[in-house]
Amino acid sequence: MSVFQPSNLALITGGASGVGLAVAQLCLKHAMRVAIVDCNIETLELAKKTLGEKDVKTFEADVADEEAWKGLKRDVEGELGEVDFLMLNAGIGGKGGWGEGEYFRTILATNLFGVINGLNTFVPTFQTRSSTKPSAIVITGSKQGITNPPGNPAYNASKAAVKVLAEHLSFDLRDTKTEVHLLVPGWTFTGLSGNSPNNPSPQPKPAGAWSPSQVADYMYTKMLEKKFYIICPDNDVDEATDKKRMLWSVGDVVNGRPPLTRWREEWKERCERGIGELDV
């Protein structure tokens, strides 16, 4: 049985826009109750209008704030009851480099500690829940946390750490009724790529990008198939290409190559040839 059942409660961080909002819409299609969490009051108000008032509650909170999570849990459970589907999706972008401490602190606070705070707040409840209903936890990662392209070390590190946390959580909850999934979107047209819902001059979706609803639908299909790793393709990169790139990246370690050979000019030809020869 799936967690997507009538009256089940979904709690989604970063739920006021992008993939989070699309998953909220998916949950409502299955007659679930939805609590969306976001730190942006304006997008929360827009989400209310988009989703409607019925079966939807909004909560303003900064996921990087550990104390805010305690209040959030108290308010959600007090008003709505036990959470059946927890989606830790909130994340931010940003660019920076070495010597820029604020860049690292800001991204890690939201992308990594936002997940850690959410897990520390709710996982004990999932571990001790008496309900026999299926439950699920989805954590949103990134391909940058797997293939590690150069240019954004804090973001990549945050998403690599999130992947590790999700893997440990899946193992630790293996004997419970709670499924764990790592959602890894491909190129998706969200606020991180210029599709903010409160943008006064919205841009058209690039042809290569997926819409957030496509990611939500793909996630739903893979959750029904009990897949932990939900690696989404997009209109530019298919599933086979993703797998080959990931295999090449881990090959740097296994084969004793320099790190990030896929982006090193002196490795360009060998890399292209090697990826093409990989069998997946």
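The values are calculated or read from the model by the stated rules, or taken from the named source; none is laboratory data. Keep in mind that this is a model prediction, so the values were computed, not measured. Note that each Cβ is placed from the backbone with ideal geometry, even for glycine, and that neighbours are counted across all protein chains shown.
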Of the conditions (1) farther than 29 Å from L224 by Cβ; (2) within 19 Å of the chain's Cα centre (by Cα), V138 clears all except one; give me its number.
(1)
All but one of (1) touching a strand residue (DSSP E or B) at 6+ places or on another chain (Cβ under 8 Å); (2) at pLDDT 95 or above; (3) not β-branched (V, I, T) hold for N255; state the number of the condition that does not hold.
(1)
Looking at segment 92-107, is at least one residue within 22 Å of V23 (Cβ to Cβ) and either in contact with a helix residue (DSSP H, G or I) (Cβ under 8 Å, 6 or more places away or on another chain) or surrounded by fewer than 19 Cβ atoms within 10 Å (Cβ to Cβ) (or both)?
yes
Filtered residue count, segment 90-148, keeping only those that are of a type in the set (G, A, S), more than 21 Å from A160 (Cβ to Cβ) and in contact (Cβ under 8 Å) with a residue 60 or more places away in the chain:
2
Considering residues of segment 121-151 that are among the polar types (S, T, N, Q) and within 18 Å of L182 (Cβ to Cβ) only, the residue surrounded by the most Cβ atoms within 10 Å (Cβ to Cβ)
T140
Within segment 213-265, can you find the residues that are among the charged types (D, E, K, R), under 25 Å from I139 (Cα atoms), surrounded by 16 or more Cβ atoms within 10 Å (Cβ to Cβ) and without any contact (Cβ under 8 Å) to a residue 60 or more places away in the chain?
K222, D234, K244
